[in-house]
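Worksheet for the structure shown next.
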Amino acid sequence: MRRRLAVVLTVLGLLLISGAGVVRWALGPAMSKLPGNTHTTRLYSGQAASFVNPTFATDVPSGPGVLHNVPIDVRHTTKVLDTTGNNALVADQRIITLSGAVAANLNYRYSVDRKSFEATKAFPDVVAANGLTFNWPMNTQRQDYVGWVQDTLMTTPLHYVGTVRHGGIQTYEYTTQAGNQLITDPVLSRMLPATMTKTDMLKLTPSLGLSMEQLLALDKVMAKAPDPVPLSYTYRFSSTFWVAPDSGIVVDMRQHDVRTTNIVTSAGLVPVAPIMDMTYAFTAPTVKGAVDDAKAATKQLDLVNNTLPLAALLLGIAFTVAGVVLFAVPRRRHPQGPEGPWVEELLEHHEMIRS
């Protein structure tokens with residue numbers, strides 16, 4: 001029985017030791033990537049210093065062409081549609097509403113690496129993006145990253161600022177900004193007219209909030225411009241992100257977006273006025289929800305990457321040592337009685353029956 005127990009303990013110990021390696025080096029990495037069932041919604045709220053009236057392009061416009069100082073809400077939904085190996089197909093939707101009306105509904109599809117979260121080309125009919133598109137990777141590092149700007153179809157550096165407590169947990173703070181760059185996103189471009197008649201421009205001008213000096217300058221440009229007037233749009237922004245490093249979850253974000261109308265002339269672009277000037281951030285409930293998600297993800301990752309492998313390793317070592325000790329320590333034998341060695345054999349046989 002003693003020899004059998006020693007074998008069982010040794011085998012079990014070795015299995016636990018090897019299992020610790022499997023959990024740490026196989027199961028851990030398998031779970032440290034974008035889950036295939038990801039489906040999150042984040043809500044933002046803020047203020048629009050200027051925003052195109054969503055009814056202005058309809059048959060029954062209501063109010064001025066550009067609204068000023070109105071509250072806005074943004075609903076950002078991210079959902080994994082499909083996975084193949086280490087790649088995921090992600091649907092990204094942003095709905096902007098103001099005064100109860102939908103001002104913009106922007107939908108994109110990205111192919112991303114499930115570990116690095118950088119854009120890939122593993123799926124068809126996706127944005128040909130580069131860098132990070134919607135989230136930071138798990139095990140985010142204290143370093144700069146490259147992010148994707150959908151409006152301009154260009155990248156931007158995401159600068160690591162420092163480690164700060166935000167929302168009650170430790171986060172890494174990142175900032176990014178860019179000056180006016182041409183909007184080339186085809187989805188957004190379909191919402192913005194490429195030309196506008198001088199009559200419509202005249203109707204829109206009073207709501208732009210231009211100064212007398214700006215109005216006089218615009219009048220000179222309009223006098224030389226063709227009819228309809230060719231237009232283009234530029235985008236500038238500044239953003240701050242607070243990221244939970246273990247999970248890569250953004251627990252809060254603040255952003256200032258400015259989209260400006262420009263008249264296209266032979267000498268270049270002539271800025272007219274901002275038509276989408278928005279400042280917004282996560283709502284308080286969204287910050288709390290993101291923090292809770294980050295805490296839950298951190299616990300799960302720590303369980304798989306640290307707690308379970310360490311517990312299995314320590315228990316495996318203990319079982320293995322116990323088994324070796326049972327093998328190594330000599331077994332105490334019963335002394336022979338006057339009846340001879342058959343007494344010892346009888347006692348051993350009885351012990352085997354009991355076991």
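Which of the lysines could a cross-linker span from residue 224 if the Cα-Cα distance has to be under 30 Å and same-chain partners fewer than 8 positions apart are dropped?
By straight Cα distance, residue 224 reaches 198, 203.
Could you derive backbone 3J(HN,Hα) for the stretch 159-167 from the dihedral phi with the Karplus parameters 6.51, -1.76 and 1.60 (θ = phi - 60°), listing whole Hz in sequence and x where the residue is Gly or Pro?
8, 6, 9, x, 9, 9, 8, 8, x
Output the Kirkwood hydrodynamic radius of the stretch 175-243, Cα pairs only, in Å rounded to one decimal.
Answer for the stretch 175-243: a Kirkwood hydrodynamic radius of 14.5 Å.
Ordering 97, 78 by how much accessible area each has at a 1.4 Å probe, largest first, what is the list?
Most to least solvent-accessible, the answer reads 97, 78.
In terms of modelled amide H atoms, which long-range or inter-chain residues lie less than 5 Å from the amide H of residue 161?
173, 174, 175
Taking K and R as +1 and D and E as -1, what net charge do the other residues with C-beta under 15 Å from the C-beta of residue 126 add up to?
Numbers: positive: 79, 109, 114, 121; negative: 82, 92, 113, 118, 125, 185.
Neighbour charge sum, excluding residue 126 itself: -2.
How large is ³J(HN,Hα), in whole Hz, for each residue of the stretch 135-144 in order, when computed from phi with the Karplus curve 6.51 cos²θ - 1.76 cosθ + 1.60 and θ = phi - 60°, using x for Gly and Pro?
Karplus values, whole Hz, x for Gly and Pro: 7, 8, x, 4, 6, 4, 9, 7, 7, 7.
Which far-off residues, 5 or more places away or on another chain, put their amide H under 5 Å from the one on residue 252, with H placed in the peptide plane?
Residues meeting the amide H criterion: 242.
Taking the Cα centre of each part, how many Å lie between the stretch 127-176 and the stretch 198-237?
Centre-to-centre (Cα) distance: 36 Å.
State the percentage of accessible surface on the stretch 175-282 attributable to carbon and sulfur atoms; use a 1.4 Å probe and exclude ligands, DNA and RNA. List each step's numbers first, then the result.
Working: 3060 of 5220 Å².
Using a 1.4 Å probe with all protein chains present, the stretch 175-282 comes out at 59 percent carbon and sulfur.
Please give the peptides 241-249, 180-188, 132-140 ranked by average Cβ packing (other Cβ atoms within 10 Å per residue), highest first, as a rough proxy for protection.
So the peptides 241-249, 180-188, 132-140, ranked by packing, come out 241-249, 132-140, 180-188.
Given 5 Å bins starting at zero, what is the percent of C-alpha pairs of the stretch 165-315 in each, up to the one with the largest pair distance?
2, 8, 13, 13, 12, 9, 8, 8, 7, 6, 5, 3, 2, 2, 1, 1, 0
Could you let me know the centre-to-centre spacing of the stretch 243-271 and the stretch 65-115, using Cα atoms, in angstrom?
15
Below 13 angstrom from the Cβ of residue 192, what's the summed charge of the other residues (Lys, Arg +1; Asp, Glu -1)?
On the way: positive: 190, 259; negative: 151, 185.
Surrounding charge for residue 192 is 0.
Amide H to amide H, which residues 5 or more places from residue 120 or on other chains are under 5 Å from it, using H placed in the peptide plane?
111, 112, 113
Tell me the accessible surface of residue 154 in square angstrom (1.4 angstrom probe, heavy atoms of protein chains only), to the nearest ten.
Using a 1.4 Å probe on the heavy atoms, I get roughly 80 Å².
Taking θ as phi - 60°, what are the ³J(HN,Hα) couplings along the stretch 82-97 by the Karplus curve (6.51, -1.76, 1.60), each to the nearest whole Hz, with x for Gly and Pro?
Coupling constants for the stretch 82-97: 7, 9, 8, x, 9, 10, 10, 9, 10, 9, 10, 10, 10, 10, 9, 10 Hz.
Cα convex hull of the stretch 129-188: mean projected area in nm², to one decimal? Write down the numbers at each step before the final one.
On the way: hull surface 20.1 nm².
So the Cα hull casts an average projection of 5.0 nm².
The values are calculated or read from the model by the stated rules, or taken from the named source; none is laboratory data. Here the structure is a predicted model, which is why all the values come from computation and not from measurement. We place every Cβ from the backbone using ideal geometry, glycine too, and count neighbours over all the protein chains shown. Side chains are part of the model used for accessible areas, which takes the heavy atoms of the whole protein and leaves out ligands, DNA and RNA. Shrake-Rupley method; radii C 1.70, N 1.55, O 1.52, S 1.80 Å.
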